[in-house]
């Protein structure tokens, strides 16, 4: 790591800590910043209500934001390198479409059996999580089976896109035959949410994301080789099919788990790898990897602060906020660094 | 007959493509050897299957029939990691990572040797430094690859292949898109490598003139004929080479190994004088479809050297014209073309 990279890295760490504190201290209920700090270093703040809000709601949400940002950023990076395509993201293989299909079936058909999932409370959120995981897993299994059959990665990208369109169409058909309130329940799920996770759910969410991120870091070497394309990689001893398979599995674990718990969160996965590449001007995955994790966490915390509209009663859909805030950042970086497109061409 | 050990032996090899329904052979029944330290040019017209053959030899694509034997062992019995320590490639594939730096790209050549994280040992560093120095890219090692010229980029790819440190380097058209000095410098670099490092170099190329000057051996693929292997000069003298360039637009002079464009000549004239001036005057006359003949014609040109410049005296039945440039000669001749 050279000096410039180190400087940016240090600023990222400081920014992350600041945003984390800010994220926890801000919300619809006003809690003084110094009280939040006091609470975080383990001291009593003498206000049960505030303590409950912090423990039960704000801290889990901040942790979720960090994991979602990092996880989606890394899945985007994995997909962009695997497909050597700047438009690839965590969901190009149809993971979110699969999850949407699962949830759509659960909500839209469940309601016709007289089950109102949003009225089931905690149990309802588990049903959504399970059906999203199941849908994502189903679509993904098909994609993985296909990936074992075909030789080149580009065909796989197209097949993934086709699956996405097909499942999207099935969801449309389901919506067409559904009642207005079921459609609304489904729409709310598609807005995404960081706030819904309980500590029980975090007990699954945290280790899955952490372990998968650690596992994915061990691909850095193969990912660097993949930058040169399938032929060169093979000639350097990379087993393409095996590498492709583990990249797909890791991406699915990250993006699938996140979608299951938080809904389909768009944009972050595509944008974060670009932002990181532009900031650090490198293609080396050993450097990109930690940077993507940090940038992803930072952007997600920031978006969440905006989404919860400090001082207001309501929160904006996180899915909209990420795109509204993220898009100008990417546009600004691309315009400022005119050689952006070159990081994807020879 | 062979003094050197063979690094690649091809036995009845057929290469091509296999789909679920049919088998499409591209090149059939190839029997040829690549020796240690040899530089071989693989020549043949576009689309005849050179790249397919190279990919099969490199183990990227399976052969259809026959055997590829690398260092005495069948290629199918190699693990992909083992093979990568013997054969390295320079391909025409585009690389979609323009912000990759030159030394990072060269370092990727150490991929087969590094640990699971790809950390470079001092030995790896030494190999990278050696590869960068011998390929003459030391001055650009910090640059991102999208800032390189085509010639520099080709050298970087060769350096990467060298860092991979196999006994065999296979290159697919390494001099395509390069200007003349760069073409020659790349070929010279490869020739020096095979001489000094004992690496065997096999490249597909369309550089017939330079290839035949520098290669130890030519592998030639001709349509509807057997795969031919031989020392360039033998292929010249037994007229095999001419089959490769049989085309109406091309003239080939076996006496000096030169190619020229086949102009369809229409008119005749006589030419004599200073040899250097005559040489270039012929060049210009041919391009304008005038041939030179020994028989008497009514257009005679005499090129004379006067101090530092040349003059041409164009004489016809009617008049004499003195020209100071070939351009003037050509323009004056146009007048007679319609006669």
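Figures for the structure shown
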{"read-out": "Calculated [θ] (222 nm, deg cm²/dmol) that DSSP helices of n ≥ 4 give over chain A, each run adding -39,500 (n - 2.57)", "value": "-23500 deg cm²/dmol"}
{"read-out": "Estimated distance in nm for a label pair at residue A:41 and residue B:23, the labels positioned 7 Å out from Cα along Cα-to-Cβ", "value": "7.8"}
{"read-out": "Spin-label pair residue B:133/residue B:206, simplified geometry with 7 Å Cα→Cβ offset, distance in nm", "value": "3.7"}
{"read-out": "Proxy reagent accessibility, fewest Cβ within 10 Å first, across B:55, A:277, B:94", "value": "B:94, B:55, A:277"}
{"read-out": "Shape category assigned to chain A from the gyration tensor of Cα positions, a/c cut at 1.5", "value": "oblate"}
{"read-out": "Cα-based helix-to-principal-axis angle, B:180-197 vs chain B, degrees rounded to 10", "value": "40"}
{"read-out": "The range B:90-165, relative contact order in percent, only Cα pairs under 8 angstrom and at least six apart counted", "value": "48"}
{"read-out": "For peptides A:265-275, A:244-254, sequence by mean Cβ density within 10 Å, most packed first", "value": "A:265-275, A:244-254"}
{"read-out": "Percentage relative contact order, chain A, counting C-alpha pairs under 8 Å, at least six apart", "value": "30"}
{"read-out": "Highest to lowest packing among B:245-255, B:199-209, scored as the average C-beta count within 10 Å", "value": "B:199-209, B:245-255"}
{"read-out": "Which of A:176, A:302, B:336 has the fewest Cβ neighbours within 10 Å, and the rest in rising order", "value": "A:176, B:336, A:302"}
{"read-out": "Value in Å of the Kirkwood radius, where the range B:267-338 supplies the Cα pairs that are averaged", "value": "12.1"}
{"read-out": "Peptide A:283-289, shielding by other chains (average Cβ, 10 Å cutoff)", "value": "3"}
{"read-out": "Rounded tilt (10° steps) of B:122-134 against the dominant C-alpha axis of chain B", "value": "0"}
{"read-out": "Number of partner chain Cβ atoms within 10 Å, mean per residue of A:9-19", "value": "0"}
{"read-out": "Extended-chain gain in nm, criterion 0.36 nm per residue less alpha-carbon gap, residue A:327 and residue A:13", "value": "110.8 nm"}
{"read-out": "Per-pair calculated FRET efficiency, R0 = 22 Å: residue B:192 and residue B:256 via Cβ, rounded to 0.05", "value": "0.30"}
{"read-out": "Rounded FRET efficiency, nearest 0.05, which uses the C-beta distance separating residue A:158 from residue A:314 and R0 of 56 Å", "value": "0.85"}
{"read-out": "Cβ neighbours within 10 Å from other chains - mean over A:236-242", "value": "5"}
{"read-out": "Efficiency of FRET between residue A:3 and residue B:328 - r from beta-carbon atoms, R0 60 angstrom, step 0.05", "value": "0.35"}
{"read-out": "Global geometry of the protein assembly as shown, whether rounded, prolate or oblate, following the gyration tensor of its Cα atoms and the 1.5 cut on a/c", "value": "prolate"}
{"read-out": "Estimated distance in nm for a label pair at residue A:218 and residue B:177, the labels positioned 7 Å out from Cα along Cα-to-Cβ", "value": "3.8"}
{"read-out": "Over the range A:12-107, equivalent-ellipsoid semi-axes from the Cα gyration tensor in Å", "value": "36, 19, 8"}
{"read-out": "Relative contact order [Cα under 8 Å, 6+ residues apart], chain B, whole percent", "value": "16"}
{"read-out": "Degrees separating the helix B:150-163 axis from the principal Cα axis of chain B, which is the longest one", "value": "30"}
{"read-out": "Spread of Cα-to-Cα distances over 10 Å intervals beginning at zero, given as percent, for chain B", "value": "5, 21, 24, 19, 14, 11, 6, 1, 0"}
{"read-out": "For the protein assembly as shown, share of DSSP beta bridges that run antiparallel, in % to the nearest 5", "value": "60"}
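Bear in mind these aren't lab numbers, they're just calculated from the coordinates by the rules spelled out. Quantities reported herein were computed from a predicted structural model and do not represent experimental measurements. Glycine also receives a Cβ, built like all others from the backbone with ideal geometry; neighbour counts cover every protein chain displayed.
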